[in-house]
Amino acid sequence: MDTPNESTGAVLDLTLLRTFLEVVDCGGFALAADALALTPSAVSGHIKRLEVLAGATLLERTTRSFEVTPAGETLYAYARNIVDLEREARARLSGTRLKGRLRIGSSEDFAGAWLAEVLQAFHRGHPEASLELKVGVTADLLRQQARGKLDVVFGKQCARVQDDGELLWEEELVWAWGEDKPWKPGRTVPLAVFPEPCVYREAAITALGQAQHDWAPAFESGSMAGCLAAALAGFAVAPVARSQLREGLRALTPEDGMPVLPVTRFYAYLRSAEPAVQALVAAVRQTGQRRRFGR
């Protein structure tokens with residue numbers, strides 16, 4: 001139901017837009033309040049004020065969660081662009097564009113899905129900065145970071161971490177399978193997985209074990225593209241984040257006899273709080289959110 005527009009022609013306030021983006025990105029009012037150093041009531045007030053200015057309901061609230069409305073989806077896309085352009089303009093006018101070299105570690109699926117958009121967004125605001133990328137398994141990358149070889153690591157976990165990881169977003173883990181392929185696994189479920197250690201692999205094996213399904217690693221690859229190709233061909237089923245699904249793939253469900261998988265969480269592990277690192281993390285968060293919500 002739309003909210004009456006009490007301020008015809010009113011300007012959408014940047015502070016309110018930032019609060020709205022943080023609520024959607026964090027997935028909750030309390031988490032957004034922590035990130036913005038505000039009280040939850042202040043965050044709620046910002047959202048209500050923005051809805052009045054926008055003349056539409058942006059978030060459908062329940063007692064424990066919320067859903068982004070179609071109007072909210074539309075505003076999110078515009079708000080992200082507005083806030084990004086405002087930040088870029090301030091950086092260019094103040095001469096504070098970042099320079100130097102950033103050493104980045106990224107899990108393979110992270111790099112494959114979002115890297116191109118992240119580089120475009122980051123380079124637009126900081127053309128004089130250079131990036132060095134190391135792709136690998138999150139656990140290995142964190143060990144390299146501990147030895148001082150990486151400035152920031154982007155990785156994933158299927159459990160909430162309590163260390164220095166900064167939660168970027170979370171999404172559903174699904175079983176990817178060829179859309180036009182019949183699903184007849186027989187007694188043993190054929191898996192397309194990364195080599196150990198891999199949180200997707202561990203989550204899939206645990207879920208199948210709890211459901212008392214036999215399984216076998218029918219296809220093993222350190223490439224997400226390889227695992228998805230195996231699923232697309234109907235050779236093996238691949239456990240992946242829902243945002244990794246592409247044309248020709250579908251998610252198997254309990255109706256197909258497959259157990260529910262846990263949520264996967266994407267994190268940034270920062271070795272320093274330098275502006276260059278913070279700017280890159282912001283670019284990754286924004287790109288991931290756009291991909292997650294289909295923007």
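The values are calculated or read from the model by the stated rules, or taken from the named source; none is laboratory data. Just so it is clear, the model here is predicted, and its values are computed rather than measured. So basically every Cβ, Gly included, is an ideal-geometry build from the backbone, and we count neighbours across all protein chains shown.
Remarks
- No other residue among ARG271, ARG242, ARG246 is surrounded by fewer than 20 Cβ atoms within 10 Å (Cβ to Cβ) and either more than 29 Å from VAL83 (Cβ to Cβ) or without any contact (Cβ under 8 Å) to a residue 40 or more places away in the chain (or both) apart from ARG246.
- Residues within the range 222-239 that are out of contact with any Phe, Trp or Tyr (no Cβ under 7 Å at 6 or more places or on another chain), surrounded by fewer than 19 Cβ atoms within 10 Å (Cβ to Cβ) and either touching a residue at least 60 places away in the same chain (Cβ under 8 Å) or in a strand (DSSP E or B) (or both), tallied: 2
- Out of PRO259, PRO195, PRO182, sole residue that is farther than 27 Å from GLN144 by Cα and surrounded by fewer than 17 Cβ atoms within 10 Å (Cβ to Cβ): PRO182
- Scanning the range 246-266 for residues that are acidic (Asp, Glu), more than 18 Å from ALA225 (Cβ to Cβ) and either under 21 Å from the mean Cα position of the chain (by Cα) or part of a loop (DSSP other than H, G, I, E, B) (or both) returns no hits.
- Those residues of the range 48-62 which are crowded, with 19+ Cβ neighbours inside 10 Å and either farther than 13 Å from PHE20 by Cα or not hydrophobic (A, V, I, L, M, F, W, C) (or both), in sequence order: GLU51, ALA56
- Just one of the listed residues (ARG242, ARG246) is touching a strand residue (DSSP E or B) at 6+ places or on another chain (Cβ under 7 Å) and charged (D, E, K, R), namely ARG242.
Here is a yes/no grid of residues against (1) under 25 Å from ARG265 (Cα atoms); (2) in a strand (DSSP E or B); (3) of a type outside the set (A, V, I, L, M); (4) modelled with pLDDT under 90:
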{"site": "LEU173", "(1), (2), (3), (4)": "yes, yes, no, yes"}
{"site": "LEU191", "(1), (2), (3), (4)": "yes, yes, no, no"}
{"site": "PRO197", "(1), (2), (3), (4)": "yes, no, yes, yes"}
{"site": "TYR200", "(1), (2), (3), (4)": "yes, no, yes, yes"}
{"site": "THR206", "(1), (2), (3), (4)": "yes, no, yes, no"}
{"site": "TRP215", "(1), (2), (3), (4)": "yes, yes, yes, no"}
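- Looking at GLU196, GLU179, GLU172, just one residue is under 23 Å from ALA111 (Cα atoms), among the acidic types (Asp, Glu) and touching a residue at least 24 places away in the same chain (Cβ under 8 Å), and that residue is GLU172.
- Test: VAL152 is more than 27 Å from ALA32 (Cβ to Cβ), touching a strand residue (DSSP E or B) at 6+ places or on another chain (Cβ under 8 Å) and either loosely packed, with under 15 Cβ neighbours inside 10 Å or of a type in the set (A, V, I, L, M, F, W, C) (or both): no
- The one condition in (1) surrounded by fewer than 20 Cβ atoms within 10 Å (Cβ to Cβ); (2) modelled with pLDDT under 90; (3) assigned to a strand (DSSP E or B) that PHE219 fails to fulfil: (2)
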